[in-house]
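Values quoted throughout were computed directly from the atomic coordinates according to the rules given, and no laboratory measurement underlies them. Here the structure is a predicted model, which is why all the values come from computation and not from measurement. Here Cβ is always computed from backbone atoms with ideal geometry, including for glycine, and neighbour counts include all displayed protein chains.
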Amino acid sequence: MQIYFEIDGGDALDRRVADLREARVFFHQRPTDMNCLWREARLADPDGHEVCLPRKTGSTCRGRSLSMA
């Protein structure tokens, strides 16, 4: 099972992860830019379910603009 909690805006994901790491929460993946539109971090809850914290990063995918202009 995977659980997603989308994080809004700017550097909010990085700040949230920094706060959680300071509270000794272990992340399997620190904030990482993914291939298409997202930056995400991953951790596991106490029952072992994967938790993903994604944040939309913009309007490009693999170097191509997704704008309709």
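Quick notes on this one:
- Note: relative contact order over region 9-58, using C-alpha pairs below 8 Å and six or more positions apart, is 31 percent.
- Gyration tensor verdict on region 7-54 (Cα atoms; rounded if a/c is under 1.5, prolate if a/b is larger than b/c, oblate otherwise): oblate
- The slack between T32 and H49, meaning 0.36 nm per residue of separation minus the straight C-alpha distance, is 4.2 nm.
- Taking label points 7 Å from Cα along the Cα-to-Cβ direction, A12 and R24 give a separation of 2.9 nm.
- Region 2-43: chymotrypsin sites (Phe, Trp or Tyr not before Pro) in DSSP loop, at most 12 other beta carbons within 10 Å: F5, F26
- For region 28-57 and region 1-15, distance of Cα centres in Å: 7
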